[in-house]
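Enquirer: There's a structure below that I have some questions on.
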Amino acid sequence: MLILTKSVFAMMIGFLLAVFCGIFLIPILKNLKAGQSLSIYLRETHSKKSGTPTMGGFIFLLPTILTILLLYLLHKINFSYSLLIVLFTFIGYAMIGFIDDYLIIVKHNNKGLTEKAKMILQLIIAIIFFYLFMKGGNEPLLWIHTLHIKINIGWLYGLFILFILVASSNAVNLTDGLDGLAGGLSVIAFLAFGLIAWNTGWLEGYDALAIFSFVLVGSLLGFLIFNVSPAKVFMGDTGSLALGATLGALAILTRHELLLIIIGIVFVVETISCLIQRGYYKLTHKRIFPMTPIHHTFEKLGWNERDIVKLFWIIGLIGAMVALAFGVWL
């Protein structure tokens, strides 16, 4: 009961702070003319969204960080090494996203950091994460919890960690294309990892990781008030890169990396659709899908944006429930 109380309390604080943050931050972003510029491919279907403020990720970033700090000062959580690594990842990737969003606003087009520059910065943060993770005494083990199997993959584990962080951050970034889509899926994913973290009693600071996850869930719910259709603000790369990388960090720290594929099944499918489209186009100069990420294909087929978001949320929820059943319960 104490665990449930702490979790609900954490979500409540995150939610309330995010709502207040959104009320004050959105007018500021509008005054700064921090509007989203649309790709030429989206101007036909998303014309009404042009000028909607971006960098709304701060609506859940700031409340999450402030809530964790407040709980620490009130001696409600212990500041563990694992929490330090997660916060480093959360803030580090948010800063990369902020730089990208800022350049987009300054240039008044949809091009911020180059793909190469963004990848280099992501890899730098990922390498530091790997160093901190291994310095904490962790072994290069791949765990399959349901089968009680641990596989030592040696130096390959370093590449594995880099791939997870960079891939997960970009996957959420690609999914952030419809009102409420990435935010809602992130609520489901972090709720799942919050429950997973509570079950990892062997991990030092597991309870702090769980509380962090639930605080972020509450903050994201507060953000969704302003982000569901019609969106009053977008999270931008500031939010999406931070969310994706943090999901990856939680998966690594709780040693449930493989479950991330199931919990983030929609993120995975969105990314794969882009990779297939790009690879096929380079080979044949033809497209398999009308438009990628895959949620835009549904739009091209005539689906309503809200219906697409609801469908993808349901798929994400089913994936999370399956992952929890096989990875935690069984």
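Enquirer: Can you flag which of Lys118/Lys232; Lys6/Lys150; Lys111/Lys232 are past 29 Å Cα-Cα?
Expert: Lys6/Lys150
Enquirer: Give the residue from Gly205, Leu221, Ala34 lying farthest towards the positive end of the charge dipole for the chain; charges sit on Cβ (+1 for Lys and Arg, -1 for Asp and Glu) and the dipole is referred to the Cα centre.
Expert: Ala34
Enquirer: Ranked from highest to lowest mean number of other Cβ atoms within 10 Å per residue, what is the order of the peptides 10-20, 150-160?
Expert: 10-20, 150-160
Enquirer: Run the quick spin-label model on Asn152 and Lys310: label points 7 Å from Cα toward the beta carbon, then report their separation in nm to one decimal.
Expert: Roughly 5.3 nm, to one decimal.
Enquirer: Ok, one more. Separation of segment 146-223 and segment 1-22 by C-alpha centroid, Å?
Expert: A separation of 18 Å, based on Cα centres.
Enquirer: In addition: Shape of segment 196-317 from its Cα gyration tensor (a ≥ b ≥ c, root eigenvalues): rounded if a/c is under 1.5, otherwise prolate when a/b > b/c, or oblate?
Expert: oblate
Enquirer: Sticking with this one: Name the shape class, rounded, prolate or oblate, that the alpha-carbon gyration tensor gives for segment 140-225, where a ≥ b ≥ c are the square roots of its eigenvalues, rounded holds for a/c under 1.5, and otherwise prolate holds if a/b is larger than b/c and oblate otherwise.
Expert: It is oblate, given that a/c is not under 1.5 and a/b is not larger than b/c.
Enquirer: Under unit Cβ charges (Lys, Arg +1; Asp, Glu -1), what dipole magnitude, rounded to 20 debye, does the chain have relative to its Cα centre?
Expert: 640 debye
Enquirer: Now for a different question. Would you be so kind as to identify which of His285, Ala323, Ala189 lies farthest towards the positive end of the dipole of the chain, taking Lys and Arg as +1 and Asp and Glu as -1 on Cβ and the Cα centre as origin?
Expert: Of the candidates, His285 comes out farthest on the positive side.
Enquirer: Arranged from highest to lowest average of other beta-carbon atoms within 10 Å per residue, in what order do the peptides 169-176, 228-235 appear?
Expert: 169-176, 228-235
Enquirer: Still on this structure, I have one more. Extending each Cα 7 Å along its Cβ direction at Leu16 and Met134, get the distance between those two points in nm, one decimal.
Expert: 4.5 nm
Enquirer: Asp179's amide H: which non-local residues (gap 5+, or another chain) put their own amide H closer than 5 Å, with H modeled 1.01 Å from N in plane and none for Pro or chain starts?
Expert: none
Enquirer: Consider the candidate values [x] 13; [y] 16; [z] 9; state which one is percent of Cα pairs over 37 Å apart computed from the structure displayed.
Expert: This structure yields the entry labelled [x].
Enquirer: Further question on the same structure: Assign unit charges at the C-beta atoms only (+1 for Lys and Arg, -1 for Asp and Glu), then state the dipole size of segment 264-330 relative to its Cα centre in Debye, rounded to the nearest 20.
Expert: 300 debye
Enquirer: Once phi is turned into θ = phi - 60°, what whole-Hz ³J(HN,Hα) does the Karplus curve with 6.51, -1.76 and 1.60 give for every residue of segment 310-322, x standing for Gly and Pro?
Expert: 4, 4, 5, 4, 5, 4, x, 5, 4, x, 5, 5, 5
Since every read-out is calculated from the coordinates, none of them should be taken as a lab result. The model shown is predicted, which means the values in this text are computed figures rather than measured ones. Every residue, glycine among them, receives a Cβ derived from its backbone with ideal geometry; neighbour counts consider all protein chains shown.
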